[in-house]
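Asker: Here it is, the structure in full.
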2 protein chains.
Amino acid sequence: MAAVTPLDMVRARRGGRSARVRDAVLAATREELMDGSYASLSHLAVARAAGVDPATVYRRWPTRARLAVDALIELAAEAVPVPDTGALRGDFEAFHLSLVGLLDDPRLVRLFKAFSAAMFDEDADVAEALEEFWRDRYDGATAMLERAEARGEIPSQRDPHGVLEQLVAPAYYRTLVTRRPLDRRLGERSLQAALTLARDGS
Amino acid sequence: MAAVTPLDMVRARRGGRSARVRDAVLAATREELMDGSYASLSHLAVARAAGVDPATVYRRWPTRARLAVDALIELAAEAVPVPDTGALRGDFEAFHLSLVGLLDDPRLVRLFKAFSAAMFDEDADVAEALEEFWRDRYDGATAMLERAEARGEIPSQRDPHGVLEQLVAPAYYRTLVTRRPLDRRLGERSLQAALTLARDGS
């Protein structure tokens with residue numbers, strides 16, 4: 001319980017009252033989700049935990065789905081940043097390593113559990129918010145491939161999202177589907193598969 | 001609603017009263033899970049739906065976890081059989097194709113939803129049953145690699161489960177995590193990644 005985990009690094013050091021409100025609300029949302037479920041997430045409880053006027057929360061995050069997906073986007077951006085090491089292999093390695101750190105954190109599994117019932121409901125708000133979450137993640141991570149292309153390391157990519165998918169899918173699959181422990185070999189295999197695809201132009 | 005789906009093909013044509021009881025109980029378990037949740041799965045309701053004496057169900061499947069995992073093993077074995085086409089590429093292609101057929105079936109997603117809360121609970125029965133489920137699946141599918149090795153197509157494999165993981169993870173990840181639609185390109189990429197690993201000895 002001592003070390004700083006990826007989930008702890010979420011707090012951005014931005015100035016201004018508006019940024020502080022946003023940080024407090026999204027941190028409270030994350031905690032509420034981890035301690036309960038998406039179905040029990042409430043604007044009022046979040047406002048109380050964040051020490052913010054409920055009207056502010058309702059105004060800036062009109063739906064529960066907005067609140068949850070903004071918390072997820074912030075969490076993912078801070079816990080699994082898109083690295084820029086100067087080489088595609090280094091970028092993919094660093095990216096996979098932070099992803100494994102996040103997936104290894106039992107609180108992330110609690111977040112997924114809190115969210116999974118909602119994910120499989122036919123709720124249009126949730127479906128749209130999740131689509132936005134993954135679009136945001138894939139668009140951000142595509143920068144690793146674009147920079148490698150600009151450096152002449154890899155050819156032009158037909159399907160950059162597909163390359164990233166091959167990099168991250170095994171770690172998610174093991175953590176959230178088979179529930180087997182992550183190990184280094186999985187990382188090496190995923191890295192190898194993604195690099196091969198990228199070098200083939202995917 | 002007309003065509004025979006992978007889930008419909010579960011019924012084995014085995015003779016004998018014992019096999020009929022087993023088929024009826026596991027089919028009823030699957031239906032109960034899809035219409036509710038693991039938490040609401042009941043031996044009594046399963047016995048009633050299967051037309052079987054409750055004492056028989058309790059005797060042969062003492063826990064809810066046993067009932068659920070036997071239903072899953074039967075479903076997976078029938079819907080995603082381990083093919084034997086005479087070539088590793090053909091085997092992987094056929095295997096991935098039936099997996100996609102299963103994952104594309106909305107009833108499978110309902111099964112996963114029914115089970116996901118239990119998966120993330122600290123229930124030892126469930127954890128053990130799931131471990132057995134995946135061990136059974138991986139052991140069965142490893143035959144594809146063993147036959148390819150025996151034919152001299154690929155070298156001896158250091159980590160056959162890892163190769164299979166690279167083959168199936170992206171399809172599971174997309175269906176159960178990102179919730180994006182499956183497409184042919186994903187299958188081609190996964191096949192390529194798994195074949196490359198197998199040819200390298202993984």
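Asker: Give me the percent of accessible area attributable to carbon and sulfur for the range B:85-192, probe 1.4 angstrom.
Answerer: It is 50 percent, rounded to a whole number.
Asker: Output wanted: per-residue J couplings in Hz (rounded whole) for the range A:21-32, from phi through Karplus 6.51 cos²θ - 1.76 cosθ + 1.60, θ = phi - 60°, x for Gly and Pro.
Answerer: 4, 4, 4, 5, 5, 6, 5, 5, 4, 4, 5, 4
Asker: What does the accessible area of A:Val21 come to, in Å² to the nearest 10, when a probe of 1.4 Å is used?
Answerer: 10
Asker: For B:Ala49, go 7 angstrom from Cα along the Cα-to-Cβ vector, then report the distances to that same point in the other copies in nm, smallest first.
Answerer: Label-point distances to the other copies, shortest first: 3.5 nm.
Asker: Still on this structure, I have one more. May I ask you to work out the translational diffusion coefficient for the range B:18-141 at 20 °C, viscosity 1.002 mPa s, via Stokes-Einstein with Rh from the Kirkwood sum over Cα pairs, reported in whole µm²/s?
Answerer: D, rounded to a whole number, is 140 µm²/s.
Asker: How large is ³J(HN,Hα), in whole Hz, for each residue of the range B:185-198 in order, when computed from phi with the Karplus curve 6.51 cos²θ - 1.76 cosθ + 1.60 and θ = phi - 60°, using x for Gly and Pro?
Answerer: The phi angles translate into 4, 4, x, 5, 5, 5, 4, 4, 4, 5, 5, 4, 4, 4 Hz.
Asker: Would you kindly find the accessible area of A:Phe95, with a 1.4 Å probe and non-protein molecules such as ligands, DNA and RNA excluded, rounding to the nearest 10 Å²?
Answerer: Around 10 Å² of this residue is reachable by solvent.
Asker: Sticking with this one: Once all Cα-Cα distances of the range B:93-132 are split into 10 Å bins that start at 0, what whole-number percent is in each one?
Answerer: 27, 37, 32, 5
Asker: Buried accessible area between B and A (1.4 Å probe, both chains summed, ligands and nucleic acids excluded), in Å² to the nearest 100?
Answerer: The contact between A and B buries close to 3400 Å².
Asker: Might you tell me the accessible area per residue for the protein assembly as shown, computed with a 1.4 Å probe and given in Å²?
Answerer: 46
Asker: Right, next: Using the alpha-carbon atoms, what tilt in degrees (0 to 90, nearest 10) does helix A:160-173 show relative to the longest principal axis of chain A?
Answerer: Computed tilt is about 70 degrees.
Asker: Pulled fully out, how much extra length does the chain show between B:Glu146 and B:Asp123, if you take 0.36 nm times their separation in residues and subtract their Cα-Cα distance?
Answerer: Going from the current span to full extension adds 4.8 nm.
Asker: For B:Ala87 and B:Glu131, what does the FRET efficiency come to when R0 = 41 Å and r is the distance between their Cβ atoms, rounded to the nearest 0.05?
Answerer: The calculated FRET efficiency here is 0.85.
Asker: What ³J(HN,Hα) values, in whole Hz, does the Karplus curve 6.51 cos²θ - 1.76 cosθ + 1.60 give for the range B:93-109 when θ = phi - 60°, with x put for Gly and Pro?
Answerer: 4, 5, 5, 5, 5, 5, 4, 4, x, 5, 5, 6, 7, x, 5, 5, 5
Asker: Right, another one. So what is the relative contact order of chain B, in percent, for Cα pairs below 8 Å that sit 6 or more residues apart?
Answerer: That works out to 22 percent.
Asker: Another question, then. Sorted by packing (mean other beta-carbon atoms within 10 Å per residue), highest first, where do A:57-70, B:54-67 land?
Answerer: A:57-70, B:54-67
Asker: Can you give the accessible area of B:Glu93 in Å² (nearest 10), computed on protein heavy atoms with a 1.4 Å probe?
Answerer: Approximately 90 Å² for this residue.
Asker: Hey, another quick one. List the extent of the Cα atoms of the range B:77-202 along each of their three principal axes, largest first, rounded to whole Å.
Answerer: Projected onto its principal axes, the Cα set of the range B:77-202 covers 44, 32, 24 Å.
Asker: From the label point of B:Arg151, set 7 Å along Cα to the beta carbon, how far off in nm is each other copy's matching point, shortest first?
Answerer: Spelled out, the distances from B:Arg151's label point are 4.0 nm.
Asker: Under the √(5λ) rule applied to the eigenvalues of the Cα gyration tensor, what semi-axes describe the equivalent ellipsoid of the protein assembly as shown? Give them in Å, descending.
Answerer: Computed over the protein assembly as shown, the values are 37, 31, 17 Å.
Asker: Within 12 Å, Cβ to Cβ, of A:Ser202, how many net charges do the neighbouring residues add up to if Lys/Arg are +1 and Asp/Glu are -1?
Answerer: Surrounding charge for A:Ser202 is -1.
Asker: Now for a different question. Put a label point 7 Å from Cα along the Cβ direction on A:Asp125, then list its distances to the equivalent points in the other copies in nm, shortest first.
Answerer: Computed spacing set for this position: 3.6 nm.
The values are calculated or read from the model by the stated rules, or taken from the named source; none is laboratory data. Because the structure is a prediction, the values reported are computed rather than measured. Every residue, glycine as well, gets a Cβ built from its backbone with ideal geometry; the counts of neighbours run over all protein chains shown. With ligands, DNA and RNA removed, areas are computed over all heavy atoms of the protein, side chains included. Shrake-Rupley method; radii C 1.70, N 1.55, O 1.52, S 1.80 Å.
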